[in-house]
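Written out below as structure tokens is the structure these notes cover.
Every number here is computed from the coordinates shown, using simple stated rules; none is lab data. Model, not experiment: these values are computed from the prediction. Every residue, glycine among them, receives a Cβ derived from its backbone with ideal geometry; neighbour counts consider all protein chains shown.
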Amino acid sequence: MKNHKTAVIGSGPAGLTAAIYLARADLHPTVFAGTTFGGQLMLTTEVDNFPGFPEGIQGGELMDRMIQQAKKFGAEILYTDVTKTLLSKDSLTLFADEKEYTFDGLILAPGASARTLGIPSEAKFIGKGVSYCATCDGAFFRNKEIAVIGGGDSAMEEATFLTKFASKVYLIHRKDSFRASKIMQEKAMHNEKITIIYNSEIVTVLGTDKVTGITLRNTVDNTERDMQLDGVFIAIGHIPNTAIIKDQVTLNEQGYIIPMKGSETNIPGVFTAGDVDDAVYQQAITAAGEGCRAALALEKYLEA
Ligand code: NDP
């Protein structure tokens with residue numbers, strides 16, 4: 001059994017920022033980066049809203065730079081998935097690659113995954129017209145016609161936000177009413193660039209190299225029709241990646257970590273950062289900020 005001082009689960013902006021701070025504080029972080037490392041930015045193309053990159057930067061390159069920066073200060077990066085955790089006030093133990101690791105402090109930054117429609121054509125067009133983040137990708141759809149899928153607050157907010165760029169936004173929902181809060185529904189409904197299409201779901205995303213349209217099915221009469229579009233924003237919620245910690249760390253009903261005070265969790269020495277505790281903002285820069293905060297809090301905890 002190998003002993004390390006601190007560990008980070010996750011290699012998105014939260015986890016890698018935490019690793020940079022921990023490494024610079026001589027806390028020898030081991031980052032369990034996962035087999036699909038880098039988090040959700042690996043699924044986007046150009047990132048235009050991360051400060052410091054006025055020309056924009058590819059999501060993959062940004063994450064690669066963060067990994068290089070963490071390594072430069074001595075963080076150990078393991079490209080493996082943590083399969084089990086045993087976290088209590090007495091010990092912090094992680095299992096990965098059939099090995100057992102114990103730590104003095106741990107930062108949980110496993111992120112959340114955008115819920116997908118699960119149709120094959122959706123995956124094919126990620127970064128080529130299919131997006132899960134209006135704030136990240138909206139500006140690429142200036143004067144284009146696009147669709148937003150979903151009926152919650154995210155769909156309302158994203159549809160409204162996207163009217164800043166798009167010439168037309170179709171807000172498509174599988175039911176005949178939205179679950180979003182009244183105030184956000186009304187904002188979307190009163191926006192003249194938004195057309196609402198109820199009782200409809202996407203059967204196929206159409207295109208060759210990039211999205212050119214969708215096939216929609218009416219959920220009431222099962223009829224299908226094609227629509228020409230330049231982009232599809234899927235806003236049907238996120239799933240926090242908390243399966244391995246769910247019986248140990250306090251989570252809310254949706255499975256997000258509930259921070260106790262600042263970045264602290266219910267377990268001493270275990271801190272949280274990024275989308276895993278944030279169902280609302282979910283931005284690379286907010287995740288990075290939380291990673292910094294969690295690392296500083298862990299440093300203070302270990303000093304005490
Ligand atoms: P929600 O879980 O609230 O809504 C998800 C929506 O997606 C639902 O309308 C659901 O449909 C639909 N959906 C789910 N799966 C599918 C599918 N496979 N195909 C088609 N549609 C599907 O997620 P949100 O991301 O909207 O919100 C998450 C939380 O964040 C909420 O608590 C919300 O209030 C909050 N939030 C707050 C904001 C704010 O206050 N500014 C902004 C954004 C989010 P159905 O209704 O049929 O189940």
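Look at the alpha carbon pairs under 8 Å that are at least 6 residues apart: their mean separation over the length of the chain gives a relative contact order of 21 percent. Under 5 Å between amide hydrogens, built in the peptide plane, is the criterion, and for G213 it picks out L206, L229 among residues at least 5 positions away or on other chains. Annotation: lysines with alpha-carbon distance below 29 angstrom to K187 (same-chain offsets under eight excluded): K128, K144, K164, K168, K175. Treating r as the C-beta distance of I239 and T195 and R0 as 30 Å, the FRET efficiency rounds to 0.55. Expressed as an acute angle from 0 to 90° and rounded to the nearest 10, what is the orientation of the C-alpha long axis of helix 13-24 relative to the principal long axis of the chain? In the chain, helix 13-24 runs at an angle near 20 degrees to the longest axis.
For the range 149-304, the ratio of Cα radius of gyration to the globular rule of thumb 2.2 N^0.38 Å stands at 1.33.
Placing a label point 7 Å from the Cα of R65 along the Cα-to-Cβ direction, none of the residues of the range 266-304 has a backbone N under 12 Å of that point.
Shape annotation for the range 8-145: C-alpha extents along the principal axes are 57, 35, 22 Å, from largest to smallest.
With both residues required to sit in the chain, DSSP beta bridges show an antiparallel share near 50%.
The range 116-139 and the range 66-104 have their alpha-carbon centroids 31 Å apart. Here the Gaussian network model covers the chain, with springs between Cα atoms less than 10 Å apart; of D275, D137, D81, D81 fluctuates the most. Multiplying the residue separation of T35 and L302 by 0.36 nm and removing their Cα-Cα distance gives an extension gain of 93.2 nm. A DSSP coil position with no more than 13 other Cβ atoms inside 10 Å describes the following trypsin sites (Lys or Arg not before Pro) in the range 120-181: R142, K164, K175, R179. Once C-alpha pairs closer than 8 Å and six or more residues apart are averaged by separation and normalised to the residue number of the range 236-283, the relative contact order reads 30 percent. Per residue, how big is the convex hull of the chain when only Cα atoms are used? Give it in Å³. Dividing the Cα hull volume of the chain by its residue count gives 139 Å³. Stokes-Einstein diffusion for the range 116-234 at 20 °C, viscosity 1.002 mPa s, with a Kirkwood radius from C-alpha pairs, works out to 153 µm²/s. Maximal additional length on extending the V280-R24 stretch stands at 89.2 nm, based on 0.36 nm per residue less the C-alpha distance. Which angle from 0 to 90°, rounded to the nearest 10, does the C-alpha axis of helix 153-162 make with the longest principal axis of the chain? The answer is roughly 70 degrees. With a simple spin-label model that places each label point 7 Å from the Cα along the Cα-to-Cβ direction, the separation between F53 and E253 comes to 3.7 nm. Ignoring the sites themselves, the chain has its longest run without GluC sites (Glu not before Pro) in a DSSP loop having at most 10 other Cβ atoms within 10 Å at 99-191.
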